[in-house]
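Step one of this worksheet: look at the structure below.
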Amino acid sequence: MLEITNLHVELEDGSKPILKGLDLSVPAGSVHAIMGPNGSGKSTLAYVLAGREGYRVTEGSVSLMGQDLLELEPEARAAAGLFLAFQYPVEIPGVSNMVFLRTALNAQRKARGEPEIGAPEFLRLVREKAKALNIDGDMLKRAVNVGFSGGEKKRNEILQMAMLEPRMCILDETDSGLDVDAMRLVAQGVNALRAPDRAFLVITHYQRLLDHIRPDVVHIMVDGRIVKSGGPELALQVEQSGYADILREVA
Amino acid sequence: MAEAARRQEGAAALLAAHPAPAGEAGWAREAREAARARLLAMGVPAPRDEYWRFTDPAGLIRPSPQDAALLTPDEKPVFGDFDRLQLVFVDGVFSPELSDPPEMTGLVIQRLDEVLATDIHWARDLFGQLESRGQEPVARPFAALNTACAATGVVIRATGPTPKPVSLRYLHRSTSSDALIRHLVRVDPGASLTLMESGPAAARLNLCMEVEIGAGGRLDHVRAQGRDHERQAITHAFVRLGQGSVYKSFTLTMNGRLTRNEQLVELTGPGASAHVAGACVGDGDFHHDDTVLVIHDAPGCESRQVFKKVLRNGATGVFQGKILVRPDAQNTDGYQLSQGLMLDEDSQFLAKPELEIHADDVKCSHGSTVGGVDETALFYLTSRGIARNEAENLLILAFLDEPLAEIADERYAEDLRTRLQRWLARRR
Ligand SMILES: Nc1ncnc2c1ncn2[C@@H]1O[C@H](COP(=O)(O)OP(=O)(O)O)[C@@H](O)[C@H]1O
Ligand SMILES: [Mg+2]
């Protein structure tokens, strides 16, 4: 599904290299987790995959289902099936959540040559998905993420993911700032989407999200590289003894 | 001395270009004469004047206007879908043939020329009166010119609740028209009216409106200034509010080489409320100026100014807004916001927000910002599959939503929103 080879990324102004030869392969149907200390470049990876400006790829390649991802504008990446649940979802005053969701859904459909979704069908769909995430009508009517609590913002990210049905889902610290109940809702939302033709890359600090979303592979990222990969037990090891042991091991 | 002479000559030339209407009643002639004298005494503005620092008055001073090409209509008229009483002006001349019969319950409508030929009329207390009071603290010479010379317009009196809006539609059919339009509006105590205005009016428009709202009365004023690229306009609204009355005004401006909208709103009765809002979008040869003075002259009044401008390709937006709180106006609640959204580095937004407060128990705030489209928001939208253009348009409409939300009737706001969407769509 997602193939990253020897990816080198620096800040656009050239002042700082962040990713330093990252390799990662996430096959369809799987859930991969990335853990790593703060500042190791996890969000940068997520942003570069989604096409955010401000970074320069100096080496390496990324392909999504065989397509060169780095050539595409962010909207084309989304239409190609990529989705990023933001670590810090963005507030957009003046644009209602409903209008946002419908515009996004129809834009992707249009880009893929599919017919636009009609208003009644859209409403039915959004109500159904919102209900599962405990998102009420008021949150749908309000401006995107404006005045939302931390947990509401994260649930709103998962709602977008559920509506857009992407093929490759990247979750950047979706668990941070969530209480146990919200975490369960988010995990349920993710698990409901698990499918043979879909893959997940779950970036997290904590083992606890991975109790709910069972990963197939766990990667440890340090200073812009994947330094170790393993099964779910790797997450437990990090939880118990931190990154120090692993760092020593790979040094 | 040479300077003063030049100003006066300019005023005299403008007066000469617009012969005063004949056959009017004595009181009207007196008001006209007084306005002539006022204009000659103050003269036309000079670009160095503080009050004209951001807007070059040259296009308004020249005795005849620069030609303005006509825009071929490519969409339904603004507010065309709503049940309304429509009065039509063509290049500043009232057209009875194109207008609806001026009859409606709760309302009396007359032509300005008829009223000014009448010996005794309530309009006597309004015509030129609010304008002349409004010459302090700063001169408004083009409003005085309007009082001295404007021959057409309507005189409207709302006597009760009115079942539908009055819509004044200004058509532009001649490339060289120079229109002076004058309206007088009185909303009786407890009465209410929605007044719409739309259209470019002329190559050059000088429109002035004097409005008196009685105790507990309400006027909703919704304007859409026309899309013709080369038109120029200076408008004045002088509004006086009585106790507990409400004035809500919104103006949408698209295109136009020069637009200056001056509003002077006086809250003279306790508990009155005035909201003046505006949204404008300009591309290229576009200069738009909102000059607003809100005077709190009674306790417990509330006022709100919300002005937003979207500018690209070297367009200029100006906001000069002031809240003046007189000593008796305790418990004043005043708010002012002006914001410019620049779509490139060639455009500019010049703002002069002011507060002058002479009472001590007052809540007043103002804010003015200028910036570009929020790149973070843009990335968020595009990362969800929305094309960059469309995402930018969404954010522009969102930016303009605050003034649009000041329109009480959501249907009218929605009509204007779709115009803005089309304006944005054309710019690709
Ligand atoms: N736009 C940016 N400007 C400046 N520094 C950045 C930017 N993006 C990332 N960095 C820096 O790159 C490093 C990696 O950051 P980030 O990708 O956010 O790490 P993580 O998500 O793993 O905590 C940090 O040192 C961070 O300060
Ligand atoms: Mg991060």
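Residues checked against (1) exposed (fewer than 14 other Cβ atoms within 10 Å of the Cβ); (2) within 8 Å of chain A (Cβ to nearest Cβ); (3) at positive phi:
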{"residue": "B:K352", "(1), (2), (3)": "no, no, no"}
{"residue": "B:A359", "(1), (2), (3)": "no, no, no"}
{"residue": "B:L378", "(1), (2), (3)": "no, no, no"}
{"residue": "B:R388", "(1), (2), (3)": "no, yes, no"}
{"residue": "B:L395", "(1), (2), (3)": "no, yes, no"}
{"residue": "B:A398", "(1), (2), (3)": "no, yes, no"}
{"residue": "B:E410", "(1), (2), (3)": "yes, no, no"}
{"residue": "B:Q421", "(1), (2), (3)": "no, no, no"}
{"residue": "B:A425", "(1), (2), (3)": "yes, no, no"}
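In region A:35-50, of all residues being under 13 Å from the mean Cα position of the chain (by Cα) and more than 15 Å from A:K20 (Cβ to Cβ), the one that is nearest to ligand 1 (Cβ to nearest atom) corresponds to A:S43.
Name the pairs whose Cβ atoms lie under 9 Å apart, with the first residue in region A:163-182 and over 23 Å from A:R127 (Cα atoms), the second among the polar types (S, T, N, Q) and away from ligand 2 (no atom under 15 Å from the Cβ), and 6 or more positions between them or separate chains? So the pair list comes out as A:G177/A:S149.
Number of residues in region A:105-128 that are of a type in the set (A, V, I, L, M), surrounded by 14 or more Cβ atoms within 10 Å (Cβ to Cβ) and over 16 Å from A:E75 (Cα atoms) equals 4. If only residues of region A:54-79 that are surrounded by fewer than 20 Cβ atoms within 10 Å (Cβ to Cβ), among the small types (G, A, S) and away from ligand 2 (no atom under 16 Å from the Cβ) are counted, the one that is nearest to the other protein chains (Cβ to nearest Cβ) is A:A76.
Just a yes or no: is a residue in region A:169-177 within 16 Å of ligand 2 (Cβ to nearest atom), more than 29 Å from A:G21 (Cβ to Cβ) and surrounded by fewer than 21 Cβ atoms within 10 Å (Cβ to Cβ)? Yes, because at least one residue in region A:169-177 is within 16 Å of ligand 2 (Cβ to nearest atom), more than 29 Å from A:G21 (Cβ to Cβ) and surrounded by fewer than 21 Cβ atoms within 10 Å (Cβ to Cβ). Residues in region B:203-223 that are farther than 25 Å from B:D56 by Cβ, part of a strand (DSSP E or B) and not acidic (D, E): 6 in all. Every residue in region A:92-108 that is in contact (Cβ under 8 Å) with a residue 40 or more places away in the chain and either more than 8 Å from chain B (Cβ to nearest Cβ) or assigned to a helix (DSSP H, G or I) (or both), please. Residues satisfying the conditions are A:S96, A:N97, A:M98, A:F100, A:L101, A:A104, A:L105, A:Q108. Restricted to helices (runs of 4 or more DSSP H) entirely inside region B:88-202, those with at least 1 residues that are surrounded by fewer than 20 Cβ atoms within 10 Å (Cβ to Cβ) and at pLDDT 95 or above are B:112-116, B:129-133.
Across region A:15-39, the number of residues qualifying as touching a Pro at 6+ places or on another chain (Cβ under 6 Å) and either of a type in the set (D, E, K, R) or within 16 Å of ligand 2 (Cβ to nearest atom) (or both) comes to 1. Consider A:E91 carefully, then state whether it is in contact with a Phe, Trp or Tyr (Cβ under 9 Å, 6 or more places away or on another chain), more than 16 Å from ligand 2 (Cβ to nearest atom) and not aliphatic (A, V, I, L, M). Spelling it out, A:E91 is indeed in contact with a Phe, Trp or Tyr (Cβ under 9 Å, 6 or more places away or on another chain), more than 16 Å from ligand 2 (Cβ to nearest atom) and not aliphatic (A, V, I, L, M). Taking A:G51 as the residue in question, decide whether it is away from every other protein chain (no Cβ under 14 Å) and touching a helix residue (DSSP H, G or I) at 6+ places or on another chain (Cβ under 8 Å). Here the answer is no, as A:G51 does not meet what is asked. Assess whether A:L82 counts as being among the hydrophobic types (A, V, I, L, M, F, W, C), under 17 Å from the mean Cα position of the chain (by Cα), closer than 24 Å to B:R384 by Cα and surrounded by fewer than 23 Cβ atoms within 10 Å (Cβ to Cβ). Against the criterion (among the hydrophobic types (A, V, I, L, M, F, W, C), under 17 Å from the mean Cα position of the chain (by Cα), closer than 24 Å to B:R384 by Cα and surrounded by fewer than 23 Cβ atoms within 10 Å (Cβ to Cβ)), A:L82 does not qualify. Taken as a whole, the condition of being more than 16 Å from ligand 2 (Cβ to nearest atom) and modelled with pLDDT of 95 or more does not apply to A:V99.
Kindly establish whether B:D56 is touching a Pro at 6+ places or on another chain (Cβ under 6 Å) and of a type outside the set (K, R). Yes.
The values are calculated or read from the model by the stated rules, or taken from the named source; none is laboratory data. Only a predicted model underlies this, so the values are computations on that prediction, with no experimental measurement involved. For neighbour counting, all protein chains shown are included, and Cβ atoms are generated from backbone atoms with ideal geometry for every residue, glycine included.
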